[in-house]
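The values are calculated or read from the model by the stated rules, or taken from the named source; none is laboratory data. Note that the structure is a prediction, hence the values are computed from the model and not measured. Cβ atoms come from the backbone with ideal geometry, glycine included; neighbour counts cover every protein chain shown. Surface areas here come from the heavy atoms of the whole protein model, side chains and all, with no ligands, DNA or RNA. Shrake-Rupley method; radii C 1.70, N 1.55, O 1.52, S 1.80 Å.
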Amino acid sequence: MKKFNIPNYYRSSIIGKIKEIRQSKDPKKKDFSPTILDYGSVRFHIARHFGFCFGVENAIEISYKAIEENPYKRIFLLSQMIHNPDVNCDLQNKGIRFIMDTYGNQLIDWEEIHADDIVIIPAFGTTLEILDLLEKKGIATKKYDTTCPFVTRVWKRANQLGKQDYTIIIHGKHRHEETRATYSYSKKNAPSLIIKDMDEAILLSDFILEKKDLSKFKETFKDKYSENFDPKKDLENIGVINQTTMLASETQAISNFLKKVMEEKYGLENSNKHMANTRDTLCYATNENQDATYGLLKINGDLAIVVGGYNSSNTSHLVELCKEKLPTYFISNSSDILSASEISHFDFENKKILETKNFLPKKEVIDILLTSGASCPDTVVEGVLNKLLDCFPKKKNTDEVIKTLQVSH
């Protein structure tokens, strides 16, 4: 795996040591059991995989290189680099300005952007329409294009499917930057439709099987289908691709469900002609982090702490998994731990900040599950770990705990 040159303040000696030990013990990444840090009065169960993925580190390296190489130029980002407030804030503090917000709303008018400016494309990628606009302005984008290679792989698969006369079904959030970019590429070569979840897949199945009046299709999927989409013709052959930060298990479940729908309509022997195999569009990092969370949840913990940006799709899915089993607190950094008895956290379903008192149970030994999203720096996780440790006056020293980990894990 390539090593990226990212600022040292995103790395953590504690978290780095844990990851190094796990890598040496399990180089093929087959063990999804968590790492246990036993401090006596509190035990942390840390997910096998979490934090910066390949695509995020690649994007950060390119962004900071753009700053270093262009000290006298104006530098812009199309939108947030990644969905992490600490990283985005640091880039802004270094002079980078965001042209749009995360939903595509304009923050800086395009008329203000000129040919001699630097424009960085974020890790989510961008639409063909915006690339065309930048090209017409004379702005070169290839050098500082940080689009994740696993996102571009999805685009290439969509292109292949389109050439094979499949309609593209995108499992994603239609306002998310990555989904907007993927949709832009897919609709160029094929009829395309965005569905958010299994509920929308079931609605789609009713149109495929013509259980629902096809005239209702455009109302049901408003703003989520490509121009001139004809549900009668365009739902005969389909292939499912995804926004790479969605739950991989949900993408697979949707794909399996729609395959059954095609079997019902066309017969088992013909279903493969009408449903493309698209397992290869799932992102390895999303899969690893989610599998590691499943492994983490085998522990009988008292609570879970998930760290990351509140608008991070991949992080919210980790929260979703944890919430099914135990009290879970979604926080952005250590400042959200207000005291030993109170925590500020994000309710992603209702999009609001909550404050919970007595979040730590009164027990002799407390078990805390800890993980983070793919865009969260290790230093932020370390900060959360240390802030939680401050809540426990009687505890072992971290160096002592790490040494024990080296011997026993």
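Data table
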quantity	calculated
Residue check for Asp165: farther than 26 Å from Ser79 by Cβ, open to solvent by 10 Å² or more (accessible area, probe 1.4 Å), touching a residue at least 40 places away in the same chain (Cβ under 8 Å) and in a loop (DSSP other than H, G, I, E, B)	yes
Matching option when the condition is modelled with pLDDT under 95, on the phi < 0 side of the Ramachandran plot and crowded, with 19+ Cβ neighbours inside 10 Å, among Ile82, Ile46	Ile82
Within region 323-367, tally of residues that are β-branched (Val, Ile, Thr) and surrounded by 21 or more Cβ atoms within 10 Å (Cβ to Cβ)	3
Region 62-76, residues that are closer than 18 Å to Gln92 by Cβ, of a type in the set (D, E, K, R) and in a helix (DSSP H, G or I)	Lys65, Glu68
Residues of region 216-232 satisfying the condition of being surrounded by 10 or more Cβ atoms within 10 Å (Cβ to Cβ) and either in a helix (DSSP H, G or I) or touching a Gly at 6+ places or on another chain (Cβ under 9 Å) (or both)	Lys216, Phe217, Lys218, Thr220, Pro231, Lys232
Residue that is nearest to Tyr185 (Cα to Cα) [pool: residues in region 113-144 that are of a type in the set (D, E, K, R) and open to solvent by 30 Å² or more (accessible area, probe 1.4 Å)]	Glu129
Residue identified as small (Gly, Ala, Ser) and either assigned to a helix (DSSP H, G or I) or farther than 30 Å from His176 by Cβ (or both) among Ser33, Ser79	Ser33
Verdict on Glu236 being at pLDDT 95 or above, over 24 Å from the mean Cα position of the chain (by Cα), in a helix (DSSP H, G or I) and not aliphatic (A, V, I, L, M)	no
Strands (runs of 3 or more DSSP E) fully within region 319-391 counting 2 or more residues that are out of contact with any Phe, Trp or Tyr (no Cβ under 6 Å at 6 or more places or on another chain) and within 24 Å of Gly16 (Cα to Cα)	328-331, 366-372
